[in-house]
Amino acid sequence: MNAPASAATGGRRADIVAGLAIAGLLLPEAVAYSSLAGLPAQTGVFALFAGLLCYGLIGRSRYAIVSATSSSAAVLAAATLAAAGPDPLARAAIAGFLTLATGACFLAAAAARLGGLSQMIARPVLRGFTFGLACVIVLKQLPALLGLHARASEFLPLLLELPQRWREWQPASFAAGALALLALKFGERFPRIPASLIVIALGMAASSWLAARGVALTGAIALSPQLAAPGWPDSGQWLTCLELALALTLVLYAESYTAIRAYALKHGDPVDANRDLLALGVANLVSGLLHGLPVGAGYSATSANEAAGARSRLAGLVAALTVLMLVGFALAWIERIPQPVLAAIVIHAVGKSLRPATFAPYLRWHRDRLVAFAAVATVLTLGILDGLLAAIAFSLLMLLRRLSRPRLSVLGRLPDSHDFVDTALHPQAAPVPGVLVLRPEQPLFFANAEPILALARQQVETHPDARRLVLSLEISPDLDSTALEALSDFDAWLRARGVALTLARLKDGVRTLLERVQLPGQTASALEYWSVDDAVNAGAAGAPRL
């Protein structure tokens, strides 16, 4: 056998082993995430099969594992509660519609080639949201771990309720969950061994003994596929449901693309964001038709797939086939999984997101600390969906605040050089006699154009000997109408004082725009200065000016 054929055979063998190992992790997680979403166990199993199969056939990442995730389950739980109230039947019906609508949103985004959709959520927001979400998920799994029926559903009330009811904790339930957590933690040392499957098997073996001591089991799972449209929202719920579907799409794609991009960069693989949008759209549509949960590429499952030795998408397809065989031949045993064990699996799955070290770079860099911590605080206080939207809004406000704060540099020429730098940072840089050179330190747009040009007016007034002003727009890739009007007013103000304005370092798009706008006194050659030095020297030689 030649080398390429041998490598291909080895790759297929590695994918088969990884698929078998990953199935042992994913199946119990799917059942657990169904409980987290407040839905029957089969919803997670259908979602798992749909995600593995559809992404394995359509997607592009070699390592991504698409299934229900802790984030999607928690967000769906909040969404169904907001849209349908506490009635379990109504929540189940609306959950199917939300999954279908999420798939439709993904397909629409793929058709519009919105592969950069995930960039709408800044990384500090996503990390803060993930940390806060993990706190919420862990807290909401504790009642199942302790054998309680929680009265509160919100984070803070539930946090207060659990210690107050410590006398009601069930020792057998707590012991089963704690031992499962310890076993899962120990299993992290052996990534190729399906620790969660072993824990599940041990839990099922002890299920009769545990049930006799009051420990709740998973219960009946109806796995007959329901290839029918889920229930439609009432007339007054459509707008709310579509908003919730958009929120689910945004969360799922941000989470999925983070995992896909991270492993693509690690292994030097290409990324096709729009193809992945298509794959996620189809997977969610199929899951919705089967009345399953929304699906995405979870980071923990994807990292586990890579750690298990996967080399291609074949691993996901093998995992899908393995899941199908497991539910086909071992359903009666799956129904006997103790609920504290499922809670332990969920807690272990999200535990990696509960690392304070996640925020260390922001503290060290002195950047986006408020954004990251605000995302945590809003999720814990406002709830999952409202918290995410509030965190995104807060990050955008902080961005606008930073961009709208006017900053303007006065430039001077370095000795024996053609380079112009900020004179405040480089005292050795000398101004050019009769010429004032200014550079805005933010892109000019509606929120900052007038304040920045007001600072420029102040500089002109403090340099009465300047007969010409060179404005470097290297940081502005575009100019909106507000910036254009402010620039025109500034030019008129300068001309009234006998000061000529020259623009330097224009981007091609801005140059084309200014040629079309034709500010007073403008000539085409006045826009051709590719450097500040060219603009200063050309003006001194009597070249055309703006």
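The values are calculated or read from the model by the stated rules, or taken from the named source; none is laboratory data. As the structure is a prediction and not an experimental result, all values here were calculated from the model. Counting neighbours? That spans all protein chains shown, and the Cβs are built from the backbone with ideal geometry, glycine included.
Observations on the structure shown:
- When we screen L469, L527 for residues that are farther than 21 Å from L414 by Cβ and either within 45 Å of the chain's Cα centre (by Cα) or at pLDDT below 85 (or both), the only hit is L527.
- Check on S70, touching a Phe, Trp or Tyr at 6+ places or on another chain (Cβ under 9 Å) and in the same structural domain as I22 (by TED's automatic domain parsing): yes
- Test for L39: is it farther than 25 Å from T130 by Cα, of a type in the set (A, V, I, L, M) and modelled with pLDDT under 90: no
- Matching residues in segment 359-376 - criterion: being assigned to a helix (DSSP H, G or I) and either crowded, with 16+ Cβ neighbours inside 10 Å or among the charged types (D, E, K, R) (or both): F359, Y362, R364, R369, V371, A372, F373, A374, A375, V376
Here is a yes/no grid of residues against (1) over 21 Å from L506 (Cα atoms); (2) over 36 Å from the mean Cα position of the chain (by Cα); (3) surrounded by fewer than 13 Cβ atoms within 10 Å (Cβ to Cβ); (4) not hydrophobic (A, V, I, L, M, F, W, C):
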site	(1), (2), (3), (4)
S395	yes, no, no, yes
L414	yes, yes, no, no
S417	yes, yes, yes, yes
L425	yes, yes, yes, no
A430	yes, yes, yes, no
R439	no, no, no, yes
E450	no, no, no, yes
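- Here D386 meets the list (1) crowded, with 21+ Cβ neighbours inside 10 Å; (2) at pLDDT below 80 almost entirely, failing just condition (1).
- Meets criteria (in a helix (DSSP H, G or I) and either closer than 30 Å to L396 by Cα or not charged (D, E, K, R) (or both)) for A283: yes
- Residue in segment 530-543 that is surrounded by the fewest Cβ atoms within 10 Å (Cβ to Cβ), counting only those that are modelled with pLDDT of 60 or more and part of a helix (DSSP H, G or I): N537
- Unmet criterion (only one of (1) of a type in the set (F, W, Y); (2) buried (at least 17 other Cβ atoms within 10 Å of the Cβ); (3) at pLDDT below 75) for W232: (2)
- When residues of segment 286-306 are limited to those that are more than 19 Å from the chain's Cα centre (by Cα) and in a helix (DSSP H, G or I), the one nearest to L184 (Cα to Cα): A304
- When residues in segment 409-435 are screened for being free of Cβ contacts under 8 Å to residues at least 40 places away in the same chain and assigned to a strand (DSSP E or B), 5 of them pass.
- Within segment 52-100, the set of residues being surrounded by fewer than 23 Cβ atoms within 10 Å (Cβ to Cβ) and farther than 23 Å from G387 by Cα comprises L53, L57, I58, R60, R62, D87, P88, L89, A90, A92, A93, L100.
- When G115 is tested against the conditions (1) surrounded by 23 or more Cβ atoms within 10 Å (Cβ to Cβ); (2) within 25 Å of S303 (Cα to Cα), the lone failure is (1).
- Positions within segment 103-123 being modelled with pLDDT under 85 and assigned to a helix (DSSP H, G or I), in sequence order: G115, G116, L117, S118, Q119, M120, R123
- Put simply, of R151, R167 the only residue that is over 20 Å from the mean Cα position of the chain (by Cα), surrounded by fewer than 17 Cβ atoms within 10 Å (Cβ to Cβ), of a type in the set (K, R) and not in a helix (DSSP H, G or I) is R151.
- Residue within segment 88-109 that is among the basic types (K, R), over 26 Å from V327 (Cβ atoms) and touching a residue at least 40 places away in the same chain (Cβ under 8 Å) present: no
- Of all residues in segment 353-405, those that are free of Cβ contacts under 8 Å to residues at least 40 places away in the same chain and among the polar types (S, T, N, Q) total 0.
- Residue check, L444 closer than 30 Å to H366 by Cα and in a loop (DSSP other than H, G, I, E, B): yes
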